[in-house]
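Structure first, commentary second.
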There are 2 protein chains.
Amino acid sequence: MAVTEARAALPGVHRREGLPPRVRIWEVGPRDGLQNEASILPAAVKAELVTRLVAAGLTTVETTSFVSPARVPQLADAEEVIALLGPLRAAHPAQGAPLRLPALVPNLAGLERARSCGVRDVCIFASATETFAMKNLSRSRAEALEMFAPVVAEAQADGMGVRAYVSMCFGDPWEGVVPEVDVVSVCERLLEMGADEVSLGDTIGVATVGQVVDLLDALARAGIPAGRLAVHFHDTYGQALANTLTALECGITTVDSAAGGIGGCPFAKSATGNLATEDLCWALDGAGVETGVDLGRLVETSMWMAARLGRPSPSRVVQALGGREVGTKEEGR
Amino acid sequence: MAVTEARAALPGVHRREGLPPRVRIWEVGPRDGLQNEASILPAAVKAELVTRLVAAGLTTVETTSFVSPARVPQLADAEEVIALLGPLRAAHPAQGAPLRLPALVPNLAGLERARSCGVRDVCIFASATETFAMKNLSRSRAEALEMFAPVVAEAQADGMGVRAYVSMCFGDPWEGVVPEVDVVSVCERLLEMGADEVSLGDTIGVATVGQVVDLLDALARAGIPAGRLAVHFHDTYGQALANTLTALECGITTVDSAAGGIGGCPFAKSATGNLATEDLCWALDGAGVETGVDLGRLVETSMWMAARLGRPSPSRVVQALGGREVGTKEEGR
């Protein structure tokens, strides 16, 4: 395929001062990506996606969500996907590197479902704004946090890893600017109740680099260590990679991204969702930042997934390296 | 339209330390963008594009290219476009702000054509690598530079502004890594022969942020002031905005971009060419960097142009703000 040839054009490694030596990529494609796609894929395809992502070197792959099937029909088969991943889980410890296959749980019922099929890492989903808490969780921010407290406590008592997402950390479509103090207080509460880490979400993709610095400064001043934070940028306005690199310069070392940039197609089929893992890896490979990811295998995986979804990947890297081989009506010349 | 509403979601202005207070955008869409599009547009549409871009606040808009019509049929009507821009030129001085409408000239014959229809700013096009010089200019790098010397001398004698593009400053598809010393020596020669500024092109879009810093450091060490340089990134691998912001942190204050990200569609119709001016403006507006551009009017212009080209804009901002109103087969949900 064309990947090796095109990668040869990558002009060497140029360390960028201020970036960390190693970044942990938290791959969210199978969950955050697929829940926002129009297509509903078979469980076997989802499990194959996770398996391919792990084979490409990703060691943290968020697999699915134990939400109401009526609400997110794309992920209605969470139990089946987890069951299909049994062999992957079983095989991996032998290789030494820790493999984490977290799943989202909205409440205690979701935690029960996840636990009973063997999930060992869970994620909860809070909001920095009142309006989004009401719209997404049907309760106030404070009520949502209280709902999460026993979920975190039970998961921790069971030895599970717990990550908390905070959405709308930068802008909110109903409230506009999100005050830093609101993000700080939600993060503080989530860490107090026992979450291992908090992922700061730019759910609508409006953030710019100065705001990233300002928010991370505010969190640092509140005594929250960068090691307990991750960043989660959507590329709606083309800012995701620049914002991510800025966050890395501020001490963040965990980054969320989705293979192929899948998910989040508000208007057009090729509009973008999450930061594409490939575009992130191109940047980090070039800057000499270790990720453990094999970009060629990752691009192959996203080309395969694009064919399953019946649309080209919005990732620039996938378009550049794989475009010729993804057969869709978009091709032409 | 939706632009105003969606812009309200832009979460305020957060100054980013290290960025300049003001950036000059050198809009290349009508030339670098359209020369790489499949569609051949009527001269009146091209002139309207330039006129709309100026109305959106861009004060430097590269209009066309006086190359061989056989070689670049997309821009075969350079004289006609320039003639149609006469009223724009005539009207503008009254407003006070300087308006520049440069055109590309490949050689003395091109300079003559440009001059005889009243062009006052010209651009020449050199290469940092031997292979691309041979392929694009049919002569060695040194021979190409000698060909340009009289073009620059004549243009300057006539009081014209002269910009020199240097392509393949980071990676070359045939040669791979491009040594910084080669870029430095070509830039030195072009400035010595009298070019006002040099635009550093990442023609194949492979550069990453550390390499941008390294090349700009090398140019600074050679005594070339940042004020005589511009950066010109293509978004082939999704790195254009991050690279541009990095260059601004290194003291660059002139940035090339194309409204709507038009141009450069190697594989897929929605693949990307230049950095999209809208995505750049979103970043700079958010960081409090002045550009003079009205983003809403610019997005309207790119939506209009997308309809003329019969395909959606690859700009993330245009997709997000204008996607609903650009009627193409890509829309759906």
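Structure notes:
- Two-site FRET efficiency, residue A:297 against residue B:80, from Cβ-Cβ distance with R₀ of 51 Å, rounded to 0.05: 0.50
- q = 0.11, 0.12, 0.22 Å⁻¹: log10 I(q)/I(0) that the Debye formula gives for the range B:139-258, counting C-alpha atoms only: -0.35, -0.41, -1.30
- Across the identical copies, the 7 Å label point of residue A:223, projected outward along Cα→Cβ, sits 5.7 nm from its counterparts, in ascending order.
- Length-normalised contact order for chain A - Cα pairs under 8 Å, 6+ apart - percent: 21 percent
- Position residue A:57: other-copy label points at 4.1 nm, ordered by increasing distance, label point 7 Å along Cα→C-beta.
- For the range B:167-223, the alpha-carbon radius of gyration amounts to 1.09 times the rule-of-thumb value 2.2 N^0.38 Å expected for a compact globular protein.
- DSSP bridge pairs, chain B: antiparallel proportion in percent, nearest 5: 10 percent
- Normalised alpha carbon radius of gyration of chain B [divisor 2.2 N^0.38 Å]: 0.94
- Working from label points 7 Å from Cα in the Cα-to-Cβ sense, the residue B:157 to residue A:117 distance is 7.9 nm.
- Selection from B:109, B:128, B:99, by position along the positive dipole direction of chain B (Cβ): B:99
- Counting lysine pairs in the protein assembly as shown that sit 8 or more residues apart in sequence, or on different chains, and whose Cα atoms lie under 24 Å apart gives 10.
- Rounded FRET efficiency, nearest 0.05, which uses the C-beta distance separating residue A:13 from residue A:177 and R0 of 41 Å: 0.60
- DSSP beta bridge pairing in the range A:120-256, given as percent antiparallel to the nearest 5: 10 percent
- If you take all other residues with their beta carbon under 14 Å from the beta carbon of residue A:67, and give Lys and Arg +1 and Asp and Glu -1, the sum is -2.
- Simple label model, 7 Å out from Cα along Cβ direction - residue A:91 to residue A:196, nm: 2.3 nm
- With only Cα atoms counted, the protein assembly as shown has Rg and Dmax values of 25.1, 81 Å.
- Of the trypsin sites (Lys or Arg not before Pro) in the range A:69-124, the ones in a loop by DSSP (not H, G, I, E or B) with at most 13 other beta carbons within 10 Å are A:71.
- Nearest-0.05 FRET efficiency for residue A:38 and residue A:143, computed from C-beta distance (R0 25 Å): 0.20
- Inter-copy spacing of residue A:38 label points, which lie 7 Å from Cα along Cα→Cβ, given in nm from shortest upward: 2.0
We did not get these values from a lab; they are worked out from the coordinates using the rules stated. Here the structure is a predicted model, which means the values were calculated and not measured. Every residue, glycine among them, receives a Cβ derived from its backbone with ideal geometry; neighbour counts consider all protein chains shown.
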